[in-house]
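What follows draws every value from the coordinates through simple rules; no lab data is involved. No experiment lies behind these values; they were computed from the predicted model shown. When we count neighbours, we look across all protein chains shown, and the Cβ atoms used for this are built from the backbone with ideal geometry, even at glycine.
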Amino acid sequence: DRTIGVEIIYSDSARVKAKGNAPIMDKVTTQTGSTYQEMIKGVKIDFFNVNEPGVIDGTLICDYAIRKEQEQKTFFRKNVIVKNAKGDTFSSEELIWDEAKKIFYSKQRVVVKTIDGNILEGVDFEAPQDFSTYTFNQGTGQAILKDAIAP
């Protein structure tokens with residue numbers, strides 16, 4: 001089934017946590033009975049502040065996404081960009097949202113540009129749903145130092 005101009009609302013405990021928009025969403029049921037939703041033209045998601053309804057805390061955009069219902073995972077692919085409440089920007093070719101664990105993760109390279117100008121990158125990325133903190137391995141980066149460094 002194909003739907004054009006889709007708006008997806010994600011709520012938890014009667015609070016809207018996120019709202020997504022996709023130009024096209026295909027719902028597919030496989031021969032084994034599993035289902036998935038495929039957004040072949042990408043998706044844009046606004047994440048809302050849990051304490052201030054209606055206030056957008058962050059955004060996620062990508063060129064392609066697929067949600068696998070049985071796995072409770074959504075795979076965001078191609079030019080994935082996330083902006084969190086602090087103004088940090090995360091970019092990768094793939095981020096996976098695990099709905100059960102309430103985390104985002106990726107084995108791909110993730111680049112983080114912080115609001116103060118630092119640029120960090122690494123693999124094996126993991127962050128909570130609000131991207132307030134994050135970890136990754138094999139990290140490299142450029143840091144802007146505001147004060148002189150004394151020997």
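Numbers for the structure displayed
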| read-out | value |
| --- | --- |
| Among the residues listed as Ser34, Ser91, Ser13, Ser106, the single one being free of Cβ contacts under 8 Å to residues at least 24 places away in the same chain and farther than 30 Å from Gln142 by Cα | Ser13 |
| Subset of the range 56-111 that is small (Gly, Ala, Ser) and in contact with a strand residue (DSSP E or B) (Cβ under 8 Å, 6 or more places away or on another chain) - its residue that is surrounded by the fewest Cβ atoms within 10 Å (Cβ to Cβ) | Ala85 |
| Sole exception among (1) out of contact with any Gly (no Cβ under 9 Å at 6 or more places or on another chain); (2) on the phi < 0 side of the Ramachandran plot for Gly117, by number | (2) |
| Qualifying residues in the range 65-77 (those that are outside any loop (DSSP other than H, G, I, E, B) and over 12 Å from the mean Cα position of the chain (by Cα)) - the one farthest from Asp98 (Cα to Cα) | Ile66 |
| Residue match in the range 109-122 (condition: under 9 Å from the mean Cα position of the chain (by Cα) and either under 18 Å from Met25 (Cβ atoms) or among the hydroxyl-bearing types (Ser, Thr, Tyr) (or both)) | no |
| Pair list, Cβ < 6 Å and 6+ apart or interchain, from the range 44-60 residues that are in contact (Cβ under 8 Å) with a residue 40 or more places away in the chain and under 15 Å from Ser91 (Cα atoms) to residues that are of a type in the set (A, V, I, L, M) and assigned to a loop (DSSP other than H, G, I, E, B) | Gly58/Ala85 |
| Residue ID - farthest from Glu99 (Cα to Cα), chosen from residues in the range 119-135 that are among the small types (Gly, Ala, Ser) and in contact with a Lys or Arg (Cβ under 9 Å, 6 or more places away or on another chain) | Gly122 |
| Residue check, Met39 touching a Ser or Thr at 6+ places or on another chain (Cβ under 7 Å) and either farther than 19 Å from Val82 by Cα or surrounded by 12 or more Cβ atoms within 10 Å (Cβ to Cβ) (or both) | no |
